[in-house]
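Peer 1: There's a structure below that I have some questions on.
None of the figures in this text is laboratory data; all of them are computed from the coordinates on show. The model shown is predicted, which means the values in this text are computed figures rather than measured ones. Cβ: placed from backbone, ideal geometry, glycine included. Neighbour counts: every protein chain shown.
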């Protein structure tokens, strides 16, 4: 699979390898998440040792038992805020990190666990845990930027490791990361993937979703389900109208808009609107 | 009067997810060992209710970024049982191939970057690379082959997108699969060399008496289906899982503890259990390497799980090569089905051990109930009991050294804390502050 950012990555990797200034200190913090985004760093198999020589990996518990205290030049933050303890801990991270980069849909939009923002929290607790009194959690799952100033957000569920390398390379070299800002839809056109919406009538979030995955789903005969969150100036209103006009039921669109980036404002607004339409049409109540 | 002493590991390292360890001693007598998991709960079983069943493989993948395929495989098998769908032999082979990719990627990571540093007293795989550049680079390349297979067959390595209830959204093209073969031929030999390397490590002389549990299939090494068997003679159908094992909620952990219902005893799942129970079903090359390195089964030394992982990586490369070489595109890639109300369960073998899923669905194709038991919640109590045995051997005046040795044992299980909360932090209580603070 060709990644649109692959050329930049090579240069980023080269840049990181030849950095001569004191090595920036990197820390990786985890909040509510699946570990997949920080794993993306360990998944840079060809570049990992070069990255480790270009930056000082000062705090990365998943990879190293050596946990150096802050301050850090760069903090990569994975996961969302779901507990009172974590709401406090993220403030501490901000205090000891010069640059905070949030990585992944949990950190940038609240993640799949933000579905509880629409549900009765007590019901969820009882559904999973026999003794809910042992569990201390907030009723919501919120992105890091709701709690602290974030310097850069890297989208995706999971993030693209190529984009992660570009961000690390840029920060090492004191420049802005160069990342694409177009939609998944455009990536399909570039790859020559036949449109699954046009050709097969499969509802696809490609037109409103941020580039980064490499437009994988349509090339596997399925619609985009929005892992990278809303692209800037996404027109979710128009796209959902199009889906509805072409005969898709509102209740089938609702889970599509309300998954891994459910609480990203554009997707949240679109899913709430679709939920209202569904209620109007069916008189039924949907989550 | 003996003094109370607490040893704490606030944050376990080189494990997936977050947890700690809390040990309370009275003099040198161990009063309590708690593996505490403070990973925030994410309530998957809660928000799966009411979702379209087609989304379950995509959503459950997000429980764990290291073993998403295990969640996807368990979910689709359980849902297919509920729907009355029988998959074709071609789909079945591709699912085994996908699991091979995940075992290679996950075992490769754990062997080289997470567990191996413990045998050389270094903090990370990156530090280990300074001493063993060839071996660590080889390990990274092995892991990469697993990821590349996941990318071709699954669309991407983390949270693959191609797994569907009924099969795959698209069967790969022949040339996509053929291209992987040369690297996999290298991988098979590299996996043999990596296994020889880890088998040469110095292992603590530590044998436990476990009941080891794994899936067992009459004709093949266990991945996606079979009965559930144990080293104590248990043999049950997957549908009897919940009568045989039950989860318990304990105060010090956001992960549930799973125990045998008959006598509340703990048990051990994972690569060591699989090799012990299924050695004769490993591929010939893997069996030959096991004999050559003197790997005697049954093996009840948890540290030697790293050798079992190596043997499984060999097997995964070998089986993947067979499937890749024989592959022809096929149709349909997905078996069609009608929605109907029903219930189904499945047990498959995640890299870390047996994983169990059960779903109830309604006639509109919505999830009514989801139950998920990951490997680490099954191993959690066993790890605590292992530590009770291990601590007297490693207990010294230096709390940090004691804690490091405890972590070493915990890490041999490759615990996945993100998974188990659907894990860890070591605290040692010494004198004065008698009551530890369970989190």
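Peer 1: Would you look at the GNM of chain A, springs on alpha carbons closer than 10 Å, and say which of A:246, A:141, A:40 moves the most?
Peer 2: Ranking A:246, A:141, A:40 by mean-square fluctuation puts A:246 first.
Peer 1: Using R₀ = 35 Å, calculate the FRET efficiency as 1/(1 + (r/R₀)^6) where r is the Cβ-Cβ separation of residue A:182 and residue B:385; round to 0.05.
Peer 2: 0.05
Peer 1: May I pose another question? Need the C-alpha centroid separation for segment B:86-157 versus segment B:3-76, integer Å.
Peer 2: So the two Cα centres are separated by 21 Å.
Peer 1: Checking the a/c ratio against 1.5 first, then a/b against b/c, what shape does the Cα gyration tensor give for the protein assembly as shown?
Peer 2: Here the protein assembly as shown falls in the rounded category.
Peer 1: Across the residues of A:221-229, average count of Cβ atoms on other protein chains within 10 Å?
Peer 2: The shielding value for this peptide is 3.
Peer 1: Sticking with this structure for a sec: Once each part is reduced to its C-alpha centroid, what is the distance from segment A:223-247 to segment B:180-256 in angstrom?
Peer 2: 43
Peer 1: Sticking with this structure for a sec: How well do other chains shield peptide B:64-73, expressed as the mean number of their Cβ atoms within 10 Å of each residue Cβ?
Peer 2: Whole-number average of other-chain Cβ neighbours for B:64-73 is 3.
Peer 1: Quote the FRET efficiency, to the nearest 0.05, computed for residue B:235 versus residue B:341 with a Förster distance R0 of 35 Å and r equal to the Cβ-Cβ distance.
Peer 2: For residue B:235 and residue B:341, the calculated efficiency is 0.70.
Peer 1: Whole Å is fine, so just give me how far the alpha carbon centre of segment B:267-285 lies from that of segment A:185-210.
Peer 2: That distance is 44 Å.
Peer 1: Right, something else. Ignoring everything except DSSP H segments at least 4 long, calculate the 222 nm mean residue ellipticity for chain A; use -39,500 (n - 2.57) per segment, divide by total residues, nearest 500.
Peer 2: It lands at -11500 deg cm²/dmol.
Peer 1: How far, in nm, would the chain grow between residue A:276 and residue A:66 when pulled straight, counting 0.36 nm per residue and subtracting the alpha carbon separation?
Peer 2: 70.5 nm
Peer 1: Here's another thing I want to ask about it. What's the exposure ranking of A:147, A:237, going from fewest to most Cβ atoms within 10 Å?
Peer 2: Neighbour counts put them in this order, fewest first: A:237, A:147.
Peer 1: Moving on to the next point. GNM, chain A, Cα, under 10 Å: largest mean-square fluctuation among A:153, A:266, A:68?
Peer 2: A:68
Peer 1: Using 7 Å Cα-to-Cβ label points, what is the residue B:92/residue B:26 separation (nm, one decimal)?
Peer 2: Going by the 7 Å Cα→Cβ label model, 5.7 nm.
Peer 1: Another question, then. Select from A:188, A:224, A:204 the residue whose mean-square fluctuation is largest in a Gaussian network model of chain A (Cα-Cα springs shorter than 10 Å).
Peer 2: A:188
Peer 1: Something else about it: Going by how many other beta carbons lie within 10 Å of each one, how would you line up B:188, B:21, B:48, A:76, fewest first?
Peer 2: So the residues, fewest neighbours to most, are B:188, B:48, B:21, A:76.
Peer 1: Please give the calculated 222 nm ellipticity per residue for chain B, where each DSSP H segment of at least 4 residues contributes -39500 (n - 2.57) and the sum is spread over every residue; nearest 500 deg cm²/dmol?
Peer 2: Helix-only estimate at 222 nm: -13000 deg cm²/dmol.
Peer 1: For residue A:269 and residue A:87, compute 0.36 nm times the residue count separating them, minus their Cα-Cα distance, and round to one decimal in nm.
Peer 2: 63.0 nm
Peer 1: Another question about this same structure. Does chain A classify as rounded, prolate or oblate by the C-alpha gyration tensor (a ≥ b ≥ c root eigenvalues; a/c under 1.5 gives rounded; else a/b over b/c gives prolate, otherwise oblate)?
Peer 2: Because a/c hits 1.5 or more and a/b fails to exceed b/c, chain A counts as oblate.
Peer 1: Mind sorting B:212, A:67, B:223 by how few other Cβ atoms lie within 10 Å of their own Cβ, fewest first?
Peer 2: Ordered by Cβ neighbours within 10 Å, fewest first: A:67, B:212, B:223.
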